[in-house]
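**Student:** Shown below is the structure under consideration.
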2 protein chains.
Amino acid sequence: MGGRSKGDLVEREKLIEAMEGILGESGVIHEREQLRTYECDGLMNYRVIPDLVVLPESVEEVQRVVRVCYDEGIPFVARGSGTGLSGGALPVESGILIVLTRMRRIIEVDLENMRMVVEPGVINLHVSNEVASEGYYYAPDPASQSVSTIGGNLAENSGGVHCLKYGFTTNHVMAAEVVLADGTVVNVGGGKANDAPGYELLGTFVGSEGTLGIVTKVTLKLMKRPESVRTLLAAFGDLEEAGEAVSGIIAAGIVPAAIEMMDAQTVEAVERTVKPGFPQAEAILIVELDGPSAEVESQFRRVEEICRESKATEIRIAESDEQRALFWKGRKAAFAAMGSVANDYYVQDSVVPRTALGTVLKRIGELSEEHGLTVANVFHAGDGNLHPLVLYNNENEGEGERAEALAGEIVFACLEHGGSLTGEHGIGLDKKKYMPKMFTDDDMDTMQLLRCAFDPHHLCNPGKVFPTPRLCGERPGPWKMHPIQKAGLAEMF
Amino acid sequence: MGGRSKGDLVEREKLIEAMEGILGESGVIHEREQLRTYECDGLMNYRVIPDLVVLPESVEEVQRVVRVCYDEGIPFVARGSGTGLSGGALPVESGILIVLTRMRRIIEVDLENMRMVVEPGVINLHVSNEVASEGYYYAPDPASQSVSTIGGNLAENSGGVHCLKYGFTTNHVMAAEVVLADGTVVNVGGGKANDAPGYELLGTFVGSEGTLGIVTKVTLKLMKRPESVRTLLAAFGDLEEAGEAVSGIIAAGIVPAAIEMMDAQTVEAVERTVKPGFPQAEAILIVELDGPSAEVESQFRRVEEICRESKATEIRIAESDEQRALFWKGRKAAFAAMGSVANDYYVQDSVVPRTALGTVLKRIGELSEEHGLTVANVFHAGDGNLHPLVLYNNENEGEGERAEALAGEIVFACLEHGGSLTGEHGIGLDKKKYMPKMFTDDDMDTMQLLRCAFDPHHLCNPGKVFPTPRLCGERPGPWKMHPIQKAGLAEMF
């Protein structure tokens, strides 16, 4: 794959020189010890030290870097803060890592049209902070929101606890400026008017995990802070009863801003670390409603009733912003807290139809027993997005492999029940092996027609998402890749 | 373009025979008089008699028809009821028109997951009717909903009066089965689980105006009927005051299900025809709120206040379902009613940022005076989607051309104010000449990378959307089309 076998810049020194010519010395990292900082993203199972790290500060700089890569056949990976959980921002050997954290300007705030234009390195939470005093906010709120960037959110189509009601990043991005794999700068999406004609490329770029180009400017949709927010926490004697409460709320036609569920293992871990004072329980639900006060009040009473009908053992209502923040602190710290109960954990991100939640949770329990490893469950219950955490200790011989096998079986169980591989963390490197369980060869080949169209040389975040890259260009027929080429390429990645 | 110059089926008779072999005699229309029925869609300015019309009844039949087209290089156009307003379903000469109205089975109703799986020929309104008794409905409601098909809605990303709150078709389609230009059948989108990994191709197919493949099965999202619906009609002394009311409602953080505006010309035409008993006024607003009763009641009072503050001369509140239906009958009949005040009309579908509505409406008034032609305005005010109707009489020498010129200037005025060419009617044949006013060559070339990937031989609804088709395949560089080829191809279409 790539490397620097052709073109002029055959030596690393020349490449460094070229990059410094574009970005200045402070924009290029080439010393091995410093490069090590960038060897992985939030998924620490894989590590690759990039050949070079560059830190552009403008679209022109990104474009010039990408043009060099294109001309020389050098693969590149773009990243923001590197909080992704699927290895999507893992560097490529003999490749350049393009870190966009210096592009963090807020370019325009247009409250009248409820839009903000930002650079990709802007931190998610900074968007909301910028307009909070005027009563606006940006809805997608991944647990990483105080660290993760808008560019990364866009690449992964990030969700968050409130995406049940407000949707994923794709519903809140209105337009983007993108540098394609050959350095062409294009604009996709609409802008201030809602819709744009032609092909809807924006939606394709959102969630493409950095494989179609590099986003250099993003127009976000802002929302008005809801008049009222009400949050309750309900404890249950088992997961099934908590599941019944979730079904009951949805069946009542209520669309909460969030419904989150945590099991006993998770609650215990959270209590040990951030100490939110959660009750001991087999399952805890956090339900949040927002909207006009009149609506929220009447629906909130109904939610409380439904929780009682589903045999909640305790219900706590947040009586202040502080208490509400504490509920959420407990929930959002769940992943990090797992470090206190297990040396290592493996997190999945499968989605199942909400109606299959009960069955799938039961199956996860059985699988956990069969494999002799604990699985903690913390998830977006409202939209069936599970985050089962397989706990293990890598120092015990073979436990890492067993954990991975168990995690795999959990994925298969979700797929069997009409589910999907990932809700919000992306496929990246970590889950690409599962793609053929969900898609036919034709489905994946069809997706990769896009890759071939936008990045025929596979320079842009290669080796991610698809288990078998499709050879572009001289393919024997107009549609199918020859099996021999397919096999050959698979080895290359 | 295409034709039947290569391959075996050099004669029309052989093609008819092949199609009858696939579809039976009743599935193929080849007599000229019968073919004439299909010569245009809802935009009657253009007429082309197709070479053949075929009426497949299953995905297998669609696939076999498309394979013949692919092997023989015959262009094809898919259509449903043909109600489109931009010529998107206009047949191609020496091409096949694939009419999908016989594929109108409802395949699955899954109320628990709020999904319905249908064939593309199912009429929009039939979806809601199917589940109405159980309190569900399908949200997108184009004015054509009693006639237009789900397949056509998907191709055009249809909106409707309620898309302000509920979004366009793209927000309500969860998955689709598609026959690509070479006959491959693929599945795009998720399904019962909300999200699917890999590239988001579903969103690209929605709104691609039939140029990327033929949809043969669609999974729709159903919604629960809101607990309460309240509708008011407000009359104003001028358009600007009505516009202020719209801004005031939005600024109050209220998201109505619909805000529609009609000007004096439209109201008059509607009164002459369907007689909804609207007051005489320079502008009429219809505002509808829906949701939980508590919310609707409190917000409805606020809307009424805002209308009064903006100097509404009269406010009527629908006190029954019948009265509400009458308000909407008046609004939805607006286009058809124009036939009573003008021989001909030319309708635009531009979108402007809501904040530019006042300025653009004023400019439309000036342009109307300059050109000496009446322009009636009836539009989705909440999301800035204008439908200016240029009234003219084609029997008057040169008036058709003047109307088209005026319509063009209206489009330019919208674009100047940050608008878009089309909100919901599509580009089709009619508006492709305006595309370069909105997009750079690079933007359009980038979109057409997709076309090249999915339909490199330009067989699938050729000549629509893009003014200059991009030559696929042997392009000189990996990205740019050679100017000479560009020019050459432009002539072919």
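The values are calculated or read from the model by the stated rules, or taken from the named source; none is laboratory data. Please read all numbers here as calculations on a predicted model, not as lab measurements. Cβ: placed from backbone, ideal geometry, glycine included. Neighbour counts: every protein chain shown.
**Student:** Residues B:PRO140, B:PRO56, B:PRO91: which one is assigned by TED's automatic domain parsing to the domain that holds B:GLU177, in a loop (DSSP other than H, G, I, E, B) and crowded, with 24+ Cβ neighbours inside 10 Å?
**Tutor:** After ruling out the rest, the residue left standing is B:PRO140.
**Student:** What is the number of the single condition among (1) within 20 Å of the chain's Cα centre (by Cα); (2) within 14 Å of chain B (Cβ to nearest Cβ); (3) outside any helix (DSSP H, G or I) that A:GLY418 does not meet?
**Tutor:** Unmet for A:GLY418, out of (1) within 20 Å of the chain's Cα centre (by Cα); (2) within 14 Å of chain B (Cβ to nearest Cβ); (3) outside any helix (DSSP H, G or I): (1).
**Student:** Check A:PHE454, A:PHE439, A:PHE412, A:PHE466 and return the single one that is modelled with pLDDT of 90 or more and in contact with a Cys (Cβ under 8 Å, 6 or more places away or on another chain).
**Tutor:** A:PHE454
**Student:** Being surrounded by fewer than 23 Cβ atoms within 10 Å (Cβ to Cβ), within 9 Å of another protein chain (Cβ to nearest Cβ) and in contact (Cβ under 8 Å) with a residue 40 or more places away in the chain is the filter here, so list the residues in segment B:457-476 that pass it.
**Tutor:** B:HIS457
**Student:** While we're on this one: So which of A:GLU25, A:GLU61 is surrounded by fewer than 19 Cβ atoms within 10 Å (Cβ to Cβ), modelled with pLDDT of 95 or more, over 25 Å from the mean Cα position of the chain (by Cα) and not hydrophobic (A, V, I, L, M, F, W, C)?
**Tutor:** Sole residue among the options that is surrounded by fewer than 19 Cβ atoms within 10 Å (Cβ to Cβ), modelled with pLDDT of 95 or more, over 25 Å from the mean Cα position of the chain (by Cα) and not hydrophobic (A, V, I, L, M, F, W, C): A:GLU25.
**Student:** Considering only segment A:219-232, I want to know if a residue exists there that is buried (at least 22 other Cβ atoms within 10 Å of the Cβ), away from chain B (no Cβ under 12 Å) and over 24 Å from the mean Cα position of the chain (by Cα).
**Tutor:** Scanning segment A:219-232, I find at least one residue that is buried (at least 22 other Cβ atoms within 10 Å of the Cβ), away from chain B (no Cβ under 12 Å) and over 24 Å from the mean Cα position of the chain (by Cα), so the answer is yes.
**Student:** Specify which of the listed residues (B:GLU268, B:GLU304) is among the acidic types (Asp, Glu), farther than 29 Å from B:ALA336 by Cα and touching a residue at least 24 places away in the same chain (Cβ under 8 Å).
**Tutor:** B:GLU304 is the lone residue from the list that is among the acidic types (Asp, Glu), farther than 29 Å from B:ALA336 by Cα and touching a residue at least 24 places away in the same chain (Cβ under 8 Å).
**Student:** Next question, about the same structure. Kindly indicate whether any position in segment B:234-243 is within 14 Å of chain A (Cβ to nearest Cβ) and surrounded by 21 or more Cβ atoms within 10 Å (Cβ to Cβ).
**Tutor:** Scanning segment B:234-243 turns up at least one residue that is within 14 Å of chain A (Cβ to nearest Cβ) and surrounded by 21 or more Cβ atoms within 10 Å (Cβ to Cβ).
**Student:** If B:ASN393 passes every condition in (1) surrounded by fewer than 23 Cβ atoms within 10 Å (Cβ to Cβ); (2) within 14 Å of chain A (Cβ to nearest Cβ) but one, which one does it miss?
**Tutor:** Only one criterion in (1) surrounded by fewer than 23 Cβ atoms within 10 Å (Cβ to Cβ); (2) within 14 Å of chain A (Cβ to nearest Cβ) is unmet by B:ASN393, namely (2).
**Student:** When the residues of segment B:112-158 are filtered to those that are over 25 Å from A:GLY248 (Cβ atoms) and among the charged types (D, E, K, R), which remaining residue is nearest to the other protein chains (Cβ to nearest Cβ)?
**Tutor:** Restricting to residues being over 25 Å from A:GLY248 (Cβ atoms) and among the charged types (D, E, K, R), the top hit is B:GLU156.
**Student:** Condition first: within 15 Å of A:THR204 (Cα to Cα) and more than 8 Å from chain A (Cβ to nearest Cβ). Now tell me which residues in segment B:176-211 satisfy that.
**Tutor:** B:GLY189, B:LEU202, B:PHE205
**Student:** With (1) over 27 Å from B:ASP344 (Cβ atoms); (2) in contact (Cβ under 8 Å) with a residue 24 or more places away in the chain as the list, and B:PRO50 as the residue in question, which single condition is left unmet?
**Tutor:** Of everything listed in (1) over 27 Å from B:ASP344 (Cβ atoms); (2) in contact (Cβ under 8 Å) with a residue 24 or more places away in the chain, B:PRO50 misses just condition (1).
**Student:** For A:TYR199, work out the one condition from (1) surrounded by 20 or more Cβ atoms within 10 Å (Cβ to Cβ); (2) in contact (Cβ under 8 Å) with a residue 12 or more places away in the chain it doesn't fulfil.
**Tutor:** (2)
**Student:** Does segment A:108-118 include one or more residues that are modelled with pLDDT under 95 and outside the structural domain of A:HIS162 (by TED's automatic domain parsing)?
**Tutor:** no
**Student:** Of all residues in segment B:159-168, count the ones that are within 11 Å of another protein chain (Cβ to nearest Cβ) and either in a helix (DSSP H, G or I) or among the small types (Gly, Ala, Ser) (or both).
**Tutor:** The qualifying residues number 4.
**Student:** Show me the helices (runs of 4 or more DSSP H) found entirely inside segment B:284-365 where at least 2 residues are surrounded by fewer than 18 Cβ atoms within 10 Å (Cβ to Cβ), at pLDDT below 95 and within 11 Å of chain A (Cβ to nearest Cβ).
**Tutor:** Correct list: B:293-309.
**Student:** While we're here: Mind checking which residues of segment A:421-443 are facing chain B (nearest Cβ under 8 Å) and either buried (at least 23 other Cβ atoms within 10 Å of the Cβ) or over 17 Å from the mean Cα position of the chain (by Cα) (or both)?
**Tutor:** Those that are facing chain B (nearest Cβ under 8 Å) and either buried (at least 23 other Cβ atoms within 10 Å of the Cβ) or over 17 Å from the mean Cα position of the chain (by Cα) (or both): A:LEU421, A:THR422, A:GLY423, A:GLU424, A:GLY426, A:ILE427, A:LYS431, A:MET438, A:PHE439, A:THR440, A:ASP442, A:ASP443.
**Student:** Return yes or no: is B:THR216 crowded, with 24+ Cβ neighbours inside 10 Å, within 23 Å of B:MET114 (Cα to Cα) and β-branched (Val, Ile, Thr)?
**Tutor:** The answer is yes for B:THR216.
**Student:** Another one. Look at B:ARG316 and say whether it is out of contact with any Lys or Arg (no Cβ under 7 Å at 6 or more places or on another chain) and either assigned by TED's automatic domain parsing to the domain that holds B:GLY160 or closer than 20 Å to B:GLU268 by Cβ (or both).
**Tutor:** In short, yes.
**Student:** Evaluate the following for A:ALA407: is it part of a helix (DSSP H, G or I), touching a residue at least 40 places away in the same chain (Cβ under 8 Å), in contact with a strand residue (DSSP E or B) (Cβ under 7 Å, 6 or more places away or on another chain) and more than 9 Å from chain B (Cβ to nearest Cβ)?
**Tutor:** Yes, satisfied.
**Student:** Could I ask something else about it? When you scan segment A:213-232, do you find a residue that is among the polar types (S, T, N, Q), in contact with a helix residue (DSSP H, G or I) (Cβ under 6 Å, 6 or more places away or on another chain) and closer than 22 Å to A:PRO75 by Cβ, even just one?
**Tutor:** Taking every residue of segment A:213-232 in turn, at least one turns out to be among the polar types (S, T, N, Q), in contact with a helix residue (DSSP H, G or I) (Cβ under 6 Å, 6 or more places away or on another chain) and closer than 22 Å to A:PRO75 by Cβ.
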